[in-house]
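This structure is in structure tokens; I'll ask about it shortly.
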Ligand code: ADP
Ligand code: MG
């Protein structure tokens, strides 16, 4: 394997390189973000490897990224002391498409080209070819017996692999800049780009000999020293979301539990471009080592929209990097349980505070994330009580506003000891429900439930502060308060005849037809058979699940 070998790119890579060469790439500078992010991944991986493996090349090499510029030769060099790649890994990793953003780009190519947003995808390693007409990668794997190898390509049909001279573990990438990208051969310019896109990378990035990124992880700084703009920047660099987060919570404690974390509630449920990601990622660090990139068990499932970093010295390091099996994972660890509880309580409290102090902003939260909160109440009995203050409803008295259960309780009439609700397919139908006649007459408020999640919600809700929730279609509804006595203008005999006509006409479609003393402005209402109220709600849930 000492002779240089030409290897053709896979078809999909050729297609991508062709696009990159011919598209007007507006965000060209993000090539640096992509290469730094790969270097940082490689450093995290070798750091993680060293926790358990003694047999690593250069165990004492500082974990860092160095960027150099040759102004005359118009080259940029990006080096890391990360995990490195063998010859086979170079072929495998840089000859195919690994990056999920790249796949998404290829799938949505037409739309991306039409709106000239290719730059926003972050096409991973290949974005180097947006600014370079030749890319050389020289790497040496952390495995002690691996030899150094070289990968080189002009971005056409193929690349070349060869043996290389390199003692130190890690990877160096040399970009020979295209004529129209010579502006990047400038330390000052690169420094700006690092600050804009990679400021919060966990390893030092040096340009020349000067550090270019933040020297302390943001979550390790005392919250009072961190400004709103820094949180926003950190969020943007971490998530690539184009909107600022709606809310953040910064945890900082050393005792009794060491916990440094920043959690973000995004502005929108769907974030990212075209990718439409709904779930957040929690990056889990222990002793500054990234141990899980997408920790699933550190927050309850109903908070899965939350993004952030969690770092604790107390976490066990023997947690797999790729994620964990539910039963074998850190979720059984008492420390993980304590961290989870602490994060959950604080996050819930912040949301409750927001609801109280900034109701307008809270409504924007509710409009995006209410399904998650409802799910939490329906599925997590222990969290239920804490989450109840977050609920908001349209009601027969709230008009265009939303009401909380506390609002409802405050407006109950004398003698009322139940919370009434009507379920319908949409808000307008709910408002027009004939079931509401009797309540309106008595000045009793009703919750208007029309969201698909509401049937789930009712499963867990059932009662609030001792007040049972009752569907107004209950045939045995007995209401407090007094209603004006209606004027009766037909005789009993006429009424019985009318009922018989209904019975004959409807036949088996109804169980029975009977007189109502709660209807006022509507001629009739449909109620459910007395013993089947619960079944009917479950049937509704089932219909939603079947969709
Ligand atoms: P992604 O980073 O999303 O996996 P990329 O296209 O950015 O996709 O990188 C492709 C692959 O090349 C990476 O998954 C990694 O295996 C490898 N790679 C790229 N840069 C480096 C590096 N500096 N050190 C080690 N491996 C690297
Ligand atoms: Mg990458």
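Looking only at region 381-400, how many residues end up being surrounded by 15 or more Cβ atoms within 10 Å (Cβ to Cβ) and out of contact with any helix residue (DSSP H, G or I) (no Cβ under 8 Å at 6 or more places or on another chain)?
Adding up the residues that qualify gives 1.
Somewhere in region 106-115, is a residue at pLDDT below 90 and either more than 32 Å from the chain's Cα centre (by Cα) or within 13 Å of ligand 1 (Cβ to nearest atom) (or both)?
So in region 106-115, the residues at pLDDT below 90 come out as 106-115.
Then keep just the ones that are either more than 32 Å from the chain's Cα centre (by Cα) or within 13 Å of ligand 1 (Cβ to nearest atom) (or both); that gives 106.
Among the residues of region 106-115, at least one is at pLDDT below 90 and either more than 32 Å from the chain's Cα centre (by Cα) or within 13 Å of ligand 1 (Cβ to nearest atom) (or both), which makes the answer yes.
If a residue must be within 39 Å of the chain's Cα centre (by Cα) and either over 25 Å from residue 520 (Cβ atoms) or not in a loop (DSSP other than H, G, I, E, B) (or both), how many such residues does region 437-479 contain?
As a first pass, look at region 437-479 and keep what is within 39 Å of the chain's Cα centre (by Cα): 445-473.
Among the residues that remain, those that are also either over 25 Å from residue 520 (Cβ atoms) or not in a loop (DSSP other than H, G, I, E, B) (or both) are: 446-449, 451-471.
Number satisfying all stated conditions: 25.
Within the bounds of region 146-156, is there any residue that is modelled with pLDDT under 95, crowded, with 20+ Cβ neighbours inside 10 Å and over 22 Å from residue 85 (Cα atoms)?
No, every residue in region 146-156 fails to be modelled with pLDDT under 95, crowded, with 20+ Cβ neighbours inside 10 Å and over 22 Å from residue 85 (Cα atoms).
Now, a different point. Could we say that residue 265 is at pLDDT 90 or above and under 10 Å from the mean Cα position of the chain (by Cα) here? Step through it out loud before you land on a result.
Details: at pLDDT 90 or above: yes; under 10 Å from the mean Cα position of the chain (by Cα): yes.
It is true that residue 265 is at pLDDT 90 or above and under 10 Å from the mean Cα position of the chain (by Cα).
Does residue 237 satisfy the condition of being part of a helix (DSSP H, G or I) and within 16 Å of ligand 1 (Cβ to nearest atom)? Explain how you work it out, then say what you get.
Values: part of a helix (DSSP H, G or I): yes; within 16 Å of ligand 1 (Cβ to nearest atom): yes.
So residue 237 fits the description; yes.
Residue 382 fails exactly one of the following numbered conditions: (1) modelled with pLDDT under 95; (2) in contact with a strand residue (DSSP E or B) (Cβ under 7 Å, 6 or more places away or on another chain). What is the number of that condition?
If we test residue 382 against (1) modelled with pLDDT under 95; (2) in contact with a strand residue (DSSP E or B) (Cβ under 7 Å, 6 or more places away or on another chain), just (2) comes out false.
Please find, among 242, 206, 235, the residue that is closer than 23 Å to residue 78 by Cβ and either touching a strand residue (DSSP E or B) at 6+ places or on another chain (Cβ under 7 Å) or surrounded by fewer than 18 Cβ atoms within 10 Å (Cβ to Cβ) (or both).
Numbers: 242 fails: closer than 23 Å to residue 78 by Cβ; 235 fails: closer than 23 Å to residue 78 by Cβ.
Unique residue meeting the criteria: 206.
Conditions first: (1) surrounded by fewer than 19 Cβ atoms within 10 Å (Cβ to Cβ); (2) over 26 Å from residue 199 (Cα atoms). Residue 62 passes all but one, so which condition is the exception?
All conditions pass for residue 62, except number (2).
While we're looking at this one, here's another question. Go through region 38-68 residue by residue and tally those that are more than 14 Å from ligand 1 (Cβ to nearest atom) and in contact with a strand residue (DSSP E or B) (Cβ under 6 Å, 6 or more places away or on another chain).
Within region 38-68, residues that are more than 14 Å from ligand 1 (Cβ to nearest atom) and in contact with a strand residue (DSSP E or B) (Cβ under 6 Å, 6 or more places away or on another chain) number 1.
Any idea which of (1) more than 19 Å from residue 124 (Cα to Cα); (2) assigned to a loop (DSSP other than H, G, I, E, B) is the one residue 69 doesn't satisfy?
(2)
Between 77, 96, which is within 25 Å of residue 133 (Cβ to Cβ) and more than 10 Å from ligand 1 (Cβ to nearest atom)? Spell out the reasoning first.
Working: 96 fails: more than 10 Å from ligand 1 (Cβ to nearest atom).
Testing whether each residue is within 25 Å of residue 133 (Cβ to Cβ) and more than 10 Å from ligand 1 (Cβ to nearest atom) leaves just 77.
Just name the residue that is surrounded by the most Cβ atoms within 10 Å (Cβ to Cβ) out of those in region 79-89 that are more than 15 Å from ligand 2 (Cβ to nearest atom) and closer than 14 Å to residue 150 by Cα. Show your work before the answer.
First, the residues of region 79-89 that are more than 15 Å from ligand 2 (Cβ to nearest atom): 79, 81, 84, 86-88.
Next, from what is left, pick out any that are closer than 14 Å to residue 150 by Cα: 79, 84, 86-88.
Numbers: 79: 19, 84: 27, 86: 19, 87: 21, 88: 13.
Taking the candidates together, the pick is 84.
The values are calculated or read from the model by the stated rules, or taken from the named source; none is laboratory data. Model, not experiment: these values are computed from the prediction. FYI the Cβ positions are ideal-geometry reconstructions off the backbone, even for glycines, and counts take in every protein chain you see.
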